[in-house]
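The values are calculated or read from the model by the stated rules, or taken from the named source; none is laboratory data. Predicted, not measured: the structure shown is a model, and the values here were computed from it. All Cβ positions, even for glycine, are placed from backbone atoms using ideal geometry, and neighbour counts span all protein chains on display. Just so you know, the surface numbers come from the protein's heavy atoms only, side chains and all, with ligands and any DNA or RNA stripped out. Shrake-Rupley method; radii C 1.70, N 1.55, O 1.52, S 1.80 Å.
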Amino acid sequence: MMTEIRSPKREIRNKSEARKARHFLAGALVCLAAMALVAETAWAGEAESGVDPGPALEKLNGQDVDEAAGAAQALGRDYAATAAGSPRKNLDVVVKALLERLAQTEGAPEGWVVRRACAEALGSIRTKAAVADLKEVLKKEGNLEVVISATEALAKILPAEEVRDLVTENLKETGPARWAAARYLEKNATADDVGVLTAGLSAAGEANDWRVRKHCAAGLAGLARKGTVLPGRTCEKLAELLGDDVQNVTDAAKDALSVSPTKEVLAALVTGAETKGPGGDADTTWRVRAASLEILGRIGFAGIEQVGGKKVSSRAWSAMIAGLGDETLNVATAAQQGLGKVPAAALYPRLLAELDETESLAVRGGILGAMSANLPAEHEAKASALALRALQEAGDRQEAEFLRAGAIRLLGSCNVPGSGKQIAASLQSDSPYVRAAAVAALTRMSKKLKEGDKAEVAALLVSGLTESDWRKASASARVLTLFPSEQAVVPLIQKGLPHEKVNVQEGAASALVAWSQDAAFRKVVERALLAEAKDNRVWEYGAKVFGALKTREAVPLLVEMIRAKGDESHWRVQMNAIQALAAIGERTDEVRAALAACGESEVADVRNAAKAALKVLESAPPAAPAPPAAPAAPAAPAAPAAPK
């Protein structure tokens with residue numbers, strides 16, 4: 001017989017493992033017992049709540065609004081339904097107290113806070129005993145927050161079908177119940193609710209019915225995101241809301257129409273873009289047009305072509321092109337931005353075709369203006385010919401001002417030979433739109449025109465300085481900066497610098513300074529200005545020009561300007577002359593004395609300018625002395641006389 005021999009170490013290990021197993025088993029049994037106890041306690045607590053509602057009920061019926069609301073919330077937490085049909089101790093007492101407090105509409109104005117908390121608590125408790133009272137709240141309560149809480153409470157108590165029937169009916173009513181129903185449907189609507197939400201888009205008559213329209217539009221947007229295809233009638237109603245007086249409603253309608261481009265959506269947007277009202281300040285249909293065009297532009301060329309089909313797409317492009325001539329800038333801008341995303345190969349043939357066919361002067365002007373931004377070379381000849389013809393036909397008629405402006409912008413972009421004179425003449429138009437377009441066009445053309453054309457333009461601009469309308473004279477003076485002309489120097493000094501309007505004065509001074517960047521031109525300007533500066537009407541802005549050019553020959557005249565006595569506006573002449581002397585940097589005793597005298601002026605601007613000028617002159621390095629004259633070359637010796 002063989003005897004088993006065990007290793008001492010193995011023996012010890014086995015005993016240790018056995019001990020661990022016994023401890024684990026004991027612990028597991030303890031845990032199971034504890035879990036069973038906890039489960040039993042929890043079940044018992046659920047079945048028979050041991051919470052004493054007395055203190056909370058006392059506060060609920062008290063006068064302190066915050067305490068009462070807090071008590072209602074506490075009762076809602078303590079008696080919240082955790083299992084359907086489970087009995088809870090004192091539940092009937094709690095529900096009765098909450099319903100009684102919910103019905104109390106008299107008292108402090110802030111009592112609605114308590115009623116809202118009671119409705120929320122009843123929703124947490126989920127007792128059908130509260131259904132009738134909560135429905136009564138929807139009929140009689142005037143506070144929106146309470147009605148919303150009552151609606152949400154009913155949604156927790158009733159089956160989904162009953163809740164939907166309830167809110168659908170309430171959406172047909174008036175007052176807060178309708179608002180709360182629309183709010184509920186916004187968050188919980190299904191595809192079956194499209195018709196109900198569409199009906200809610202027409203809610204009107206009460207001051208706060210915009211809430212209903214907003215919630216219904218937002219609900220439709222949510223359904224569209226989930227894949228629901230909105231029917232044509234719904235899309236049309238949403239498009240009408242793009243002109244709503246309340247921005248929240250407009251934004252919700254925009255959102256709903258922007259989710260998914262369908263044929264129905266595109267058709268509604270095109271109809272919106274074509275909407276016209278009676279006109280006048282009360283007509284707000286421009287909002288519908290602007291928003292419709294904005295969304296069409298957001299959908300883009302590819303989306304419109306792919307989804308809309310030939311008929312709808314063609315209408316969309318016609319509506320957007322017509323928008324270019326809309327009298328409301330928002331609409332025209334939306335149309336221009338939308339068309340700006342269309343490929344040139346597809347856009348410009350449409351624009352040219354519409355330009356030939358439309359009779360609207362405004363639309364033709366809008367098309368010409370839009371084409372000026374980025375006109376392909378292959379269409380330039382035809383477009384510029386149409387623009388020249390339009391400019392000649394329009395004359396200066398007020399009703400054709402947009403057409404003239406558009407034609408001018410396109411001609412400036414194309415740089416058509418000979419058009420500079422016509423554009424320059426347009427600076428004398430009575431229309432600010434035409435003048436602005438002419439300024440922009442001449443600015444673009446200034447570097448491309450030939451010298452002969454520049455001279456003709458400059459001559460027209462000089463004649464514009466004599467216009468009695470200072471706006472026209474100012475436009476001519478500003479544009480002259482880009483068209484240097486020796487023949488225009490004296491007219492600028494004689495007509496522009498002494499003008500009664502500062503806009504013209506500044507334009508003339510800017511032109512003279514800009515031209516003087518050329519050395520030869522500088523001499524012409526300085527010579528003419530020194531000669532004309534005998535007229536003290538030239539002094540104020542003539543001093544600015546001298547300062548910008550740092551004309552040393554003008555120093556005696558500038559000192560004279562400072563010392564001279566003039567009318568009450570002479571201080572501006574003094575200040576400009578002081579600043580010119582500082583810029584020139586002449587530091588003679590005569591200059592210092594004149595500046596020191598101005599330091600005692602009654603006019604603060606003059607005093608400050610004089611002190612600043614003296615400080616500049618003191619800190620500036622002395623002017624470099626003129627180089628000594630070269631010694632005269634010695635005379636050549638006389639040739640000897642020829643012998644007789």
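One residue stands out among those in region 450-472 that are within 21 Å of Gly412 (Cβ to Cβ), hydrophobic (A, V, I, L, M, F, W, C) and touching a Leu at 6+ places or on another chain (Cβ under 9 Å): the one that is most open to solvent (accessible area, probe 1.4 Å), which is Leu460. The set of residues in region 277-301 being in contact with an Asp or Glu (Cβ under 9 Å, 6 or more places away or on another chain) and more than 25 Å from Ser260 (Cβ to Cβ) consists of Gly277, Gly279, Thr284, Trp286.
Kindly provide the set of residues from region 93-113 that are charged (D, E, K, R) and out of contact with any helix residue (DSSP H, G or I) (no Cβ under 8 Å at 6 or more places or on another chain), ordered by number. Selection gives Lys96, Glu100, Glu106.
How many residues are assigned to a helix (DSSP H, G or I), open to solvent by less than 60 Å² (accessible area, probe 1.4 Å) and without any contact (Cβ under 8 Å) to a residue 40 or more places away in the chain if we restrict to region 439-449? Total meeting the criteria: 3.
Scanning region 502-525 for residues that are of a type in the set (Val, Ile, Thr) and surrounded by 15 or more Cβ atoms within 10 Å (Cβ to Cβ), we see that the one that is nearest to Val462 (Cα to Cα) is Val504. Only residues that are loosely packed, with under 14 Cβ neighbours inside 10 Å and without any contact (Cβ under 8 Å) to a residue 24 or more places away in the chain were counted across region 570-589, and they come to 1.
In region 104-135, of all residues being within 10 Å of Ala153 (Cα to Cα) and among the aliphatic types (A, V, I, L, M), the one that is nearest to the chain's Cα centre (by Cα) corresponds to Ala119.
Looking at Ala282, Ala291, Ala267, just one residue is surrounded by fewer than 19 Cβ atoms within 10 Å (Cβ to Cβ), under 29 Å from Ser360 (Cα atoms) and either touching a Phe, Trp or Tyr at 6+ places or on another chain (Cβ under 7 Å) or among the aliphatic types (A, V, I, L, M) (or both), and that residue is Ala282.
At least 2 residues being touching a residue at least 24 places away in the same chain (Cβ under 8 Å), touching a helix residue (DSSP H, G or I) at 6+ places or on another chain (Cβ under 8 Å) and buried (at least 23 other Cβ atoms within 10 Å of the Cβ) is the threshold, and among the helices (runs of 4 or more DSSP H) wholly inside region 114-198 those reaching it are 131-140, 144-157, 176-188.
Residue count for region 326-375, restricted to those that are surrounded by 21 or more Cβ atoms within 10 Å (Cβ to Cβ), assigned to a loop (DSSP other than H, G, I, E, B) and modelled with pLDDT of 90 or more: 1. Taking the numbered list (1) exposed (fewer than 14 other Cβ atoms within 10 Å of the Cβ); (2) in contact with a helix residue (DSSP H, G or I) (Cβ under 7 Å, 6 or more places away or on another chain) in turn, Ala528 passes all entries but (1).
Summed over region 486-501, residues that are in contact with a Phe, Trp or Tyr (Cβ under 9 Å, 6 or more places away or on another chain) and open to solvent by 20 Å² or more (accessible area, probe 1.4 Å) total 5. Each residue in region 586-602 was checked for being among the polar types (S, T, N, Q), more than 52 Å from the chain's Cα centre (by Cα) and closer than 15 Å to Ala564 by Cα, and 0 of them qualify.
Of all the residues in region 393-409, those that are under 28 Å from the mean Cα position of the chain (by Cα) and at pLDDT below 85 number 0.
Take the residues of region 534-552 that are over 21 Å from Ser510 (Cβ atoms) and assigned to a helix (DSSP H, G or I): which is farthest from the chain's Cα centre (by Cα)?
Looking at the filtered set, the residue picked out is Arg552.
A quick yes/no check of all residues on (1) within 22 Å of Gly222 (Cα to Cα); (2) charged (D, E, K, R); (3) touching a helix residue (DSSP H, G or I) at 6+ places or on another chain (Cβ under 9 Å):
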site: Ala239; (1), (2), (3): yes, no, yes
site: Asp255; (1), (2), (3): yes, yes, yes
site: Ser260; (1), (2), (3): yes, no, yes
site: Trp286; (1), (2), (3): no, no, yes
site: Ala291; (1), (2), (3): yes, no, yes
site: Leu296; (1), (2), (3): yes, no, yes
site: Ala322; (1), (2), (3): no, no, yes
site: Gly325; (1), (2), (3): no, no, yes
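Residues that are in contact (Cβ under 8 Å) with a residue 60 or more places away in the chain and in a helix (DSSP H, G or I) do occur in region 399-415.
To keep it simple, each residue is scored yes or no on (1) basic (Lys, Arg); (2) more than 25 Å from Trp286 (Cβ to Cβ); (3) surrounded by fewer than 24 Cβ atoms within 10 Å (Cβ to Cβ).
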site	(1), (2), (3)
Asn208	no, yes, yes
Lys226	yes, yes, yes
Leu242	no, no, no
Asp255	no, no, yes
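Within region 93-111, the set of residues being closer than 13 Å to Glu58 by Cα and among the small types (Gly, Ala, Ser) comprises Ala97 only.
Could you list, in sequence order, all residues of region 459-499 that are part of a helix (DSSP H, G or I), of a type in the set (A, V, I, L, M, F, W, C) and under 20 Å from Glu526 (Cα atoms)? Walk me through how you get there before you give the answer.
At the first step, the residues of region 459-499 found to be part of a helix (DSSP H, G or I) are 459-464, 470-480, 486-496.
Going one step further and asking which of them are of a type in the set (A, V, I, L, M, F, W, C), we end up with 459-462, 470, 473, 475, 477, 479-480, 488-490, 492-493.
Correct list: Val462, Ala477, Leu480, Ala488, Val489, Val490, Leu492, Ile493.
Taken together, Val606, Val555 contain a single residue that is over 30 Å from Phe521 (Cα atoms) and either in a helix (DSSP H, G or I) or open to solvent by less than 70 Å² (accessible area, probe 1.4 Å) (or both), which is Val606. Any idea how many residues of region 403-426 are open to solvent by less than 10 Å² (accessible area, probe 1.4 Å) and farther than 23 Å from Ala459 by Cβ? Number satisfying all stated conditions: 4. The set of residues from region 81-99 being at pLDDT 75 or above, under 58 Å from the mean Cα position of the chain (by Cα) and not in a helix (DSSP H, G or I) comprises just one member, Ala81. Taking the conditions (1) open to solvent by less than 10 Å² (accessible area, probe 1.4 Å); (2) touching a Lys or Arg at 6+ places or on another chain (Cβ under 9 Å) in turn, Thr275 satisfies each one other than (1). Yes or no: region 561-569 includes at least one residue that is among the basic types (Lys, Arg) and either within 49 Å of the chain's Cα centre (by Cα) or modelled with pLDDT of 95 or more (or both). The answer is no; no qualifying residue exists.
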